[in-house]
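What follows is a set of notes on a single structure, which appears directly below.
The values are calculated or read from the model by the stated rules, or taken from the named source; none is laboratory data. Since we're looking at a predicted model, the values are computed, not measured. Here Cβ is always computed from backbone atoms with ideal geometry, including for glycine, and neighbour counts include all displayed protein chains. Accessible surface areas use protein heavy atoms only, side chains included; no ligands, DNA or RNA. Shrake-Rupley method; radii C 1.70, N 1.55, O 1.52, S 1.80 Å.
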Amino acid sequence: TWFIIWVIPLGFGGGLIETFASILVTQSDKLHSSKLMNLGQVFFCIGTISASPAVALMLYLGISWQYIFVLFGLFILLILGVFFFLTRKGAADAVHSVQKANNFSTPVLKDSLFFLLAAALLIYVTFESVIACWVSVYFEKRLSVPVHSAALRLSIYWIGIAVGRSAIIFIPRRFTIWPAMFMGILITGIGA
């Protein structure tokens, strides 16, 4: 019960941070927002890459998990302070009107492409989470790797994701949507 009381607000807060950070990133550049969004996701990956070594080092030094959570909580409060500082101009400046590429628009709940992409995202994030949850435990329990060293293994996976997201920034714009998605599906399927 205490776990549920703790973890649901934790996930809710994390979801808000990632969502609104993504919104702010896409508002910064209207013309190439898909490339800018990918760059924002690269920084998300850099955070996940750095988290594993940070936790591994703390575990190696014998710091208890309770103190590790307190340290990360303080870091999140620092992010809150930075967010308030950077967005203090006011809510009116933070929200921009969305410009459509054409005058045709389909209501989101009647758009079959929306449901296709939502299903693809659901499946991908499930797969990503399974790997993120499984890799460290597999190395620790099955291969008897020390817990701090097992935590480092997950960084390798996130490095691959960061490289993939970085590639989108440099490839020509005509290859950034569907070709990149199908290539990602193919490579992920082969890897699985």
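Taking a probe of 1.4 Å, how large is the accessible area per residue of the chain, in Å²?
Roughly 75 Å² per residue, with all protein chains present.
Subtracting the Cα-Cα distance from 0.36 nm times the residue separation, let me have the gained length for Ile79 to Leu24 in nm, one decimal.
18.4 nm is the gain from fully extending Ile79 to Leu24.
Could you work out the relative contact order of the chain? I mean the mean sequence separation of Cα pairs under 8 Å and 6+ apart, divided by the number of residues, in percent.
Relative contact order, the chain: 37 percent.
What's the longest piece of the chain with no exposed trypsin sites (Lys or Arg not before Pro), counting a site as exposed if DSSP puts it in a loop and it has at most 10 other beta carbons within 10 Å?
101-192
For n ≥ 4 DSSP H runs only, could you compute -39500 (n - 2.57) per run for the chain, divide by its residues and tell me the 222 nm figure to the nearest 500? Mind dumping the intermediate values first?
Numbers: 7 runs with 144 residues, N = 192.
Taking each H run of at least 4 residues, the total per residue is -26000 deg cm²/dmol.
When the distances between all Cα atoms of the chain are binned every 10 Å from zero, what whole-number percent does each bin get?
7, 25, 35, 24, 8, 1
Between Ile171 and Thr1, what is the FRET efficiency for a Förster distance of 41 Å, r being their Cβ-Cβ separation, to the nearest 0.05?
Efficiency, from the Cβ-Cβ distance: 0.25.
Provide the per-residue ³J(HN,Hα) series for segment 130-144, in order, calculated from phi with Karplus coefficients 6.51, -1.76, 1.60 and θ = phi - 60°, each as a whole number of Hz, with x at glycine and proline positions.
With coefficients 6.51, -1.76 and 1.60, one gets 4, 5, 4, 7, 8, 4, 4, 5, 4, 5, 6, 7, 8, 10, 6 Hz.
Can you tell me how much longer the chain between Ile187 and Thr126 gets when fully stretched, taken as 0.36 nm per residue apart minus their C-alpha distance, in nm with one decimal? Walk me through the numbers on the way to the answer.
On the way: separation 61, 0.36 × 61 = 21.96 nm, distance 1.63 nm.
Contour length minus the Cα-Cα distance gives 20.3 nm.
In the Gaussian network model of the chain, springs joining C-alpha atoms below 10 Å, which of Ser28, Ser155, Ser129 carries the largest mean-square fluctuation?
Ser129
Please work out the Cα center distance from segment 50-92 to segment 131-192, rounded to the nearest Å.
23 Å
Summarise the accessible area of the chain (1.4 Å probe, protein heavy atoms) by the percent that is carbon and sulfur.
C and S atoms contribute 75 percent here.
Connecting C-alpha atoms closer than 10 Å in a GNM of the chain, tell me which of Pro146, Pro53, Pro179 has the biggest fluctuation.
For the chain, modelled as a Gaussian network with Cα springs under 10 Å, the answer is Pro179.
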